[in-house]
1. Rounded, prolate or oblate for segment 507-569? Axes are the square roots of the Cα gyration tensor eigenvalues, ordered a ≥ b ≥ c, and the cut-off for rounded is a/c under 1.5.
2. Just for the Cα atoms in segment 241-330, what are the lengths along the principal axes, largest first, rounded to whole Å?
3. If you take the beta carbon distance between E272 and F142 as r and set R0 to 30 Å, what does 1/(1 + (r/R0)^6) give as a FRET efficiency, to the nearest 0.05?
4. With each pseudo-label sitting 7 Å past Cα toward Cβ, what's the S562-C607 distance in nm, one decimal?
5. Going highest first, how would you order 424-432, 510-518 by mean Cβ packing within 10 Å?
6. Quick one: which residues, 5+ away or cross-chain, put their amide H under 5 Å from the amide H of K538? H built at 1.01 Å from N.
7. Using the alpha carbons of segment 277-404, what is the convex hull volume per residue in cubic angstrom, as a whole number?
8. In sequence order, what are the phi-derived ³J(HN,Hα) couplings for segment 273-288 according to the Karplus relation 6.51 cos²θ - 1.76 cosθ + 1.60 with θ = phi - 60°, rounded to whole Hz, with x for glycine and proline?
Amino acid sequence: MEPAGLEPEEIEPAREAEEPPGCPALPAEAPQDSPPAAAPPGEGALPSAPSREQERSRRGAGAQGSAGRAARGRARRASGRRSGGENARRPGVTVDSSKAKTSLEALKISLRQLRWKEFPFGRRLPCDIYWHGVSFHDNNIFSGQVNKFPGMMETVRKITLSRAMRIMQDLFPLEYNFYPRSWILPEELPLFVAEVRTMKDNNPSWKPTFIVKPDGGCQGDGIYLIKDPSDIRLTGSIQSRPAVVQEYICKPLLVDKLKFDIRLYVLLKSLEPLEIYIAKDGLSRFCTEPYQEPTLKNLHQVFMHLTNYSLNIHSGNFIHSDSVNTGSKRTFSSILCRLSSRGADVKKLWSDIISLVIKTIIALTPELKVYYQSDIPAGKPGPTCFQILGFDILLMKNLKPMLLEVNANPSMRIEHEQELSPGVFENVPSPVDEEVKVAVIRDTLRLVDPQKKKRKDAQCQNSEQAPEASEELPDAAPGAEAALPSLCLKQVFPKYAKQFSYLRLVDRVAALFIRFLGVKGTTKLGPTGFRTFIRNCKLSNSNFSMAAVDILYIDITRRWNSMGIDHKESGMCLQAFVEAFFCLAQKKYKSLPLHEQVASLIELCECRLAALHGKRLLWGCGLGQRHGALPATATAPRPRGHQVLRLQKPSQLRALMCRDRTGS
Ligand code: ADP
């Protein structure tokens with residue numbers, strides 16, 4: 001392992017409160033949502049949920065034919081007898097696994113551990129949970145929960161992610177310096193060339209390397225390194241397949257002289273309100289050639305520079321390992337242990353990782369909310385969503401975590417292919433993958449458990465109605481759950497909401513955007529919507545006429561649509577609206593830093609819209625009721641989570657209108 005130079009970094013507030021995973025020197029954490037230590041009354045005889053070893057032998061038995069089946073039947077009957085009362089009282093959670101694809105095996109193990117009911121071929125009746133391997137749009141689902149958000153795949157594509165991160169870097173450069181400087185090709189090629197030239201002029205000793213990554217690519221597909229902007233391969237493909245070019249991190253932390261990255265699993269449990277969980281353990285994927293800083297001679301050596309499992313598995317040096325702390329794929333906790341034993345500040349590292357995850361999700365939520373309201377508009381029946389994301393993180397030599405990318409569909413495979421003899425392959429279990437991934441899926445299910453929510457609601461209701469009645473409810477920890485380990489997923493948001501909420505400016509811009517979208521199901525703002533936004537927020541004046549508003553709309557929209565990936569709809573996309581909004585903010589509040597300009601304009605808009613809403617309420621009570629009609633924007637459904645103006649008295653409304661007239 002290379003020595004980790006421990007340079008001081010900005011201290012994040014999450015630091016004191018968080019323990020990094022798997023460090024023996026650190027005190028064990030109290031389980032966050034774990035069942036009570038003692039088994040609830042009447043459940044002492046329940047069989048414990050199957051352990052990893054039992055699961056493996058069960059899968060082995062599956063191949064052994066009728067003897068195995070008979071034994072399983074006996075075990076089922078026995079366990080049915082033992083837990084009959086419990087099961088009769090509480091029907092299991094139903095899960096449709098028919099679209100689970102490569103995550104099926106890990107999902108099956110999780111469901112067995114939880115003793116939930118799996119529907120591998122789907123079900124005519126609705127299920128509680130739908131587990132999709134690829135995207136939200138795999139099915140027509142009108143209720144329950146689905147493990148994908150609409151638009152997630154689009155939102156985390158390399159280009160869209162880079163744009164979202166750029167917006168946040170413009171607003172909060174220091175807070176978002178964990179994402180490498182990136183440019184979008186082909187449209188930003190001239191900018192890339194010019195910026196690199198300027199930086200080189202300013203610092204002649206700077207010898208950068210860049211990594212070019214095709215948009216929508218994965219598993220290292222089409223990626224290459226360059227030393228100079230002129231090396232970009234401008235052959236046909238770059239035009240038809242846009243890409244991101246990014247500063248290459250030349251000094252990664254090495255373990256056993258090898259470069260590695262971290263795959264961390266993050267659960268986005270809810271978008272509104274925002275709820276984020278991080279898995280305590282992840283995977284470290286190793287290169288298979290000793291690392292050297294990039295030179296013209298070694299730029300093309302993928303086994304040295306790219307950590308992708310799918311590439312390195314083809315290297316003769318790849319080591320499949322049964323143990324979690326050796327080989328080409330290891331648990332992240334094993335790396336932390338090694339770092340900790342060498343005196344590295346792993347607590348700080350873990351807290352930096354938590355900050356990185358929260359900040360990245362904050363950058364992604366505005367776009368996700370636009371997709372969400374478009375797919376599941378308020379008032380339309382639809383499922384609620386949650387999603388496991390794969391964060392790819394590279395540690396720099398000084399232990400600073402850098403975000404490489406976010407995967408909407410991280411691989412949940414728990415097997416790998418092994419070549420038994422030339423050309424003959426077999427799927428064999430991968431203990432490292434199983435250890436990490438089954439826990440992530442199982443604990444995600446525990447967190448979204450619909451019955452837990454129902455029980456909680458019922459308990460709340462009962463304790464409100466008759467405090468003594470709540471004691472008769474079934475215990476919050478069902479039998480299977482009592483035998484499970486404590487949750488591997490740790491809540492980080494809203495837990496640390498206070499420290500990070502000031503970063504959620506673009507979320508508020510997105511709320512304004514959604515408010516003026518008008519027609520249900522759209523993701524783009526038409527010219528009328530934009531004009532209404534300007535008019536209702538009173539942003540035009542003698543210096544900024546409505547004609548200038550139209551020109552701004554046309555200019556920005558045309559440019560974004562000419563480089564956009566999504567040509568399905570015409571109009572202004574969220575990111576174009578954000579650009580227009582920043583432009584207006586800069587015009588209005590010239591002397592402030594950008595984030596203050598934007599915050600001031602948001603406040604002004606929100607205040608003026610609240611006042612307008614107040615006026616309309618008054619108007620609705622009187623004039624509107626008499627004529628039986630309200631203007632379209634007043635009747636338009638409010639976006640989910642949008643705060644309702646709760647003003648009781650006309651005097652309060654009038655006060656608000658007066659404030660609005662004075663422009664304060
Ligand atoms: P893909 O989706 O094709 O896997 P990634 O963005 O994850 O694309 O990049 C592939 C690999 O390239 C990463 O796993 C990492 O090893 C390496 N890599 C990507 N970006 C950088 C960077 N900016 N600096 C150093 N290495 C990088």
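Every read-out reported here was derived from the displayed coordinates using simple, explicitly stated rules and does not represent laboratory data. Keep in mind the model is a prediction, meaning the values are calculated, not measured. We place every Cβ from the backbone using ideal geometry, glycine too, and count neighbours over all the protein chains shown.
1. Oblate, because a/c is 1.5 or more while a/b does not exceed b/c.
2. 50, 39, 25
3. Working: r = 19 Å, r/R0 = 0.64.
The computed FRET efficiency comes out at 0.95.
4. 3.8
5. Values: 424-432: 14.4, 510-518: 21.8.
Highest-to-lowest ranking by the protection proxy: 510-518, 424-432.
6. Here the answer is none, since no amide H 5 or more places off falls under 5 Å of that of K538.
7. Working: hull volume 21.5 nm³, N = 128.
Hull volume normalised by residue count: 168 Å³.
8. Karplus-based 3J(HN,Hα) across segment 273-288 equals x, 6, 9, 10, 10, 10, 6, 5, 10, x, 10, 10, 10, 9, 5, 10 Hz.
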